[in-house]
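Trainee: Shown below is the structure under consideration.
The values are calculated or read from the model by the stated rules, or taken from the named source; none is laboratory data. Bear in mind that the values here come from a model prediction, so they are computed numbers and not experimental data. For neighbour counting, all protein chains shown are included, and Cβ atoms are generated from backbone atoms with ideal geometry for every residue, glycine included. When the accessible area is computed, the model is the full protein with side chains, heavy atoms only, and any ligands, DNA or RNA have been set aside. Shrake-Rupley method; radii C 1.70, N 1.55, O 1.52, S 1.80 Å.
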Amino acid sequence: MTLHDGKIGNAYQVQSIDIDISIKRRLEAIGLIEHTRVVILNEKRNGSMIIRVRGTRWAIGRAIAKGITVEEAA
């Protein structure tokens, strides 16, 4: 499943990131890499999401969220 398909309040673990290399490098710089825990805090009507990664809140767009494959965290 992709991060975009996730539900608000749930925690997920990143399995892979399949997006443009420049965006992928930016995500790596903020700590969003494979096996990182991500919590979805909110989702806007336009498809953007507010997520928490390593204790910091980030906003990401729909296209980026659809490129991140996740599974539910234990």
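Trainee: Counting only residues that are among the polar types (S, T, N, Q) and not in a strand (DSSP E or B), which one in the range 43-60 is least open to solvent (accessible area, probe 1.4 Å)?
Mentor: Initial filter on the range 43-60 (among the polar types (S, T, N, Q)): 46, 48, 56.
Now restrict to residues that are not in a strand (DSSP E or B): 46, 48.
Numbers: Asn46: 100, Ser48: 30 Å².
Step by step, filter the range 43-60, then rank; the result is Ser48.
Trainee: Taking the residues in the range 17-26 that are in contact (Cβ under 8 Å) with a residue 40 or more places away in the chain and touching a strand residue (DSSP E or B) at 6+ places or on another chain (Cβ under 8 Å) as candidates, determine which candidate is surrounded by the most Cβ atoms within 10 Å (Cβ to Cβ).
Mentor: The selected residue is Ile17.
Trainee: Let me ask another. Would you mention how many residues in the range 7-16 are open to solvent by 10 Å² or more (accessible area, probe 1.4 Å) and under 11 Å from the mean Cα position of the chain (by Cα)?
Mentor: Keep residues of the range 7-16 that are open to solvent by 10 Å² or more (accessible area, probe 1.4 Å), which gives 7-11, 13, 15-16.
Then keep just the ones that are under 11 Å from the mean Cα position of the chain (by Cα); that gives 11, 13, 15-16.
Of the residues in the range 7-16, 4 are open to solvent by 10 Å² or more (accessible area, probe 1.4 Å) and under 11 Å from the mean Cα position of the chain (by Cα).
Trainee: Shifting gears a bit: If you check Ala74 against the conditions, is it surrounded by fewer than 13 Cβ atoms within 10 Å (Cβ to Cβ) and modelled with pLDDT under 95? Give the derivation first.
Mentor: Values: surrounded by fewer than 13 Cβ atoms within 10 Å (Cβ to Cβ): yes; modelled with pLDDT under 95: yes.
In short, yes.
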